[in-house]
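K.L.:
Submitted below is the structure of interest, expressed as structure tokens.
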Amino acid sequence: MLGPLLIGTYIFVLSMFVGFEVIGKVAPTLHNALTAGMSAVGGIALLGALYAVQRAGDGSLDWLSLLAIALAAGSVVAGFVLASRLLPAGKKREQT
């Protein structure tokens, strides 16, 4: 039981370090595209959470399922809010 949990934790921590290094090296001009891509990933996570709730069947994982749906929905909403703030910042200002 501890073996798979330890391996899963190890992979999760390693992926956090790799993700931090990859995103840290992205040029500032690509942040809007990166945010849009992350919103799409959040949408896929939301669909996965909804599918997991449907497949669970019993009531033992209701709180965990609710947490997964709330976090995935928050990720999607935050991605759209951030992208809407970045879009005007990327446009050139008109010369008067």
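The values are calculated or read from the model by the stated rules, or taken from the named source; none is laboratory data. Since the structure is predicted, the reported quantities are computational estimates derived from the model, not experimental observations. FYI the Cβ positions are ideal-geometry reconstructions off the backbone, even for glycines, and counts take in every protein chain you see.
K.L.:
Being more than 12 Å from the chain's Cα centre (by Cα) and either of a type in the set (Ser, Thr, Tyr) or outside any helix (DSSP H, G or I) (or both) is the filter here, so list the residues in the range 35-84 that pass it.
P.N.:
51, 57, 58, 60, 65, 84
K.L.:
Any idea how many residues of the range 9-39 are touching a helix residue (DSSP H, G or I) at 6+ places or on another chain (Cβ under 8 Å) and either aromatic (Phe, Trp, Tyr) or within 24 Å of residue 73 (Cα to Cα) (or both)?
P.N.:
Total satisfying the criteria: 8.
K.L.:
Counting only residues that are charged (D, E, K, R) and modelled with pLDDT of 80 or more, which one in the range 1-57 is surrounded by the fewest Cβ atoms within 10 Å (Cβ to Cβ)?
P.N.:
25
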